[in-house]
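Single-structure report; data block below.
The values are calculated or read from the model by the stated rules, or taken from the named source; none is laboratory data. Model, not experiment: these values are computed from the prediction. Note that we place each Cβ from the backbone using ideal geometry, even for glycine, and neighbour counts take in every protein chain shown. Side chains are part of the model used for accessible areas, which takes the heavy atoms of the whole protein and leaves out ligands, DNA and RNA. Shrake-Rupley method; radii C 1.70, N 1.55, O 1.52, S 1.80 Å.
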Amino acid sequence: MSRTHVLAATLCMALGAAFVAEALAAGTAAVIATSSRSRNPGYSNMWIGKGFGIFEKDGIDATIYGANGHAESLQLLLTDRVTLSVGVQDTVLKAMAEGRQLPVVAACDYTRGIYNQVIVREDSPIKSFAELSGHKVGVASLAAQQLPFTRFSVASVGGDPDSIEFIAVGGGQQAAIALTSGKVDALASFDVAVAQLRQQGAKVRILENPPAVKKTIAGQVFAFHKPWYEAHKDAAVRLLQGMVKSMILAVENPEAAVRMSFKMYPESVPNGVPFETAVRQGVELLKVRAHLYRKDVGDMHRWCEFSPEAWQSYVDLIGLKGKVDPAKFYTNELVDRINDFDEAAFRKWARSLKVQP
């Protein structure tokens, strides 16, 4: 990396944000915003592309920035401090329902399905979403996407979502304590966080998602600020191709992905367990999410492809049925180009990777 790039990256970290993506001599600079400051290996596909040199091979000089949630990720995107954001679709679609068209475009359907889950204590009498009616449900915050997910899920099986009291309990161990202490009767969270709580010994049970949720095969997206996207479509293709390759690598070689994640962010290695145990647990977390990294599902057969029918189901799930047209936010115009690489050869290369400590 050149001195110019090192200085730019250092400045980004000092400011707690990222520089505007622009063409530089060594390639296109791009800042990828994750929706969490955690470097949990369960979603390490967001950054391992940098560690394995995937972006560099495609002419992308990538910086990874951990945003504090989807709202900050979107704000950074709209102010051109990051190039690509994940998971901003709920806010953008809700703004559309209120008559505001944010200048954001989703050029890649990232996950093929919903990763939200609701858990209860093992000894809880609650056996289904319908039985959540009249109970207290913990969520990370009252703006968390798990809140509308839970409301929709309860309503879809004949329950009464209006009778549920939602309580903000934060995340991680704080959320687990709220559940195990009885402050809340159930906890709405996401797959990797739930799996990690169980690894840490939490005695919880996952409620089976209702049929209406299981059939929703659309989920998170990779999105750009529209002005940047319109001016840099070639770079957008290369960046998204790198994100797709990172997902494929995570599926084909989860151990290499976890080892690279720990190598990039050694502070994320759990304390108090042998390193090889940490790797094994990280692989377990990665596999929890990896089943959603699919190219072929329903009527979609290309990476990043947007299906209007699938996304109508997602709009219903977040409580906006009949209020928005998701096609005004998503585009398939780059999909053919994103898929234009030798996937079989890449998978073979990914399987061959070994990461030294």
Residue within the stretch 16-29 that is surrounded by 16 or more Cβ atoms within 10 Å (Cβ to Cβ), modelled with pLDDT of 90 or more and under 19 Å from the mean Cα position of the chain (by Cα) present: no
Residue list for the stretch 86-99, restricted to those being free of Cβ contacts under 8 Å to residues at least 60 places away in the same chain, closer than 29 Å to Gly170 by Cα and open to solvent by 40 Å² or more (accessible area, probe 1.4 Å): Thr91, Glu98
Every residue from the stretch 328-346 that is touching a helix residue (DSSP H, G or I) at 6+ places or on another chain (Cβ under 6 Å) and open to solvent by 50 Å² or more (accessible area, probe 1.4 Å): Arg337
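I'd like to verify a number: residues in the stretch 170-201 that are touching a Lys or Arg at 6+ places or on another chain (Cβ under 7 Å) and of a type outside the set (D, E, K, R), how many?
Number satisfying all stated conditions: 4.
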Test set (1) out of contact with any Leu (no Cβ under 7 Å at 6 or more places or on another chain); (2) not in a strand (DSSP E or B) - Arg205 fails condition number: (2)
Single residue of Ala188, Ala178 found to be under 16 Å from Ile126 (Cβ atoms) and in contact with a helix residue (DSSP H, G or I) (Cβ under 6 Å, 6 or more places away or on another chain): Ala188
Only one of Val258, Val251, Val269, Val279 that is in contact with a helix residue (DSSP H, G or I) (Cβ under 6 Å, 6 or more places away or on another chain) and either basic (Lys, Arg) or touching a residue at least 60 places away in the same chain (Cβ under 8 Å) (or both): Val258
The one condition in (1) among the β-branched types (Val, Ile, Thr); (2) open to solvent by less than 10 Å² (accessible area, probe 1.4 Å); (3) modelled with pLDDT under 95 that Thr83 fails to fulfil: (3)
Total residues in the stretch 48-70, condition crowded, with 24+ Cβ neighbours inside 10 Å and part of a loop (DSSP other than H, G, I, E, B): 1
Residue that is farthest from the chain's Cα centre (by Cα) [pool: residues in the stretch 162-214 that are among the hydrophobic types (A, V, I, L, M, F, W, C) and open to solvent by 40 Å² or more (accessible area, probe 1.4 Å)]: Ile177
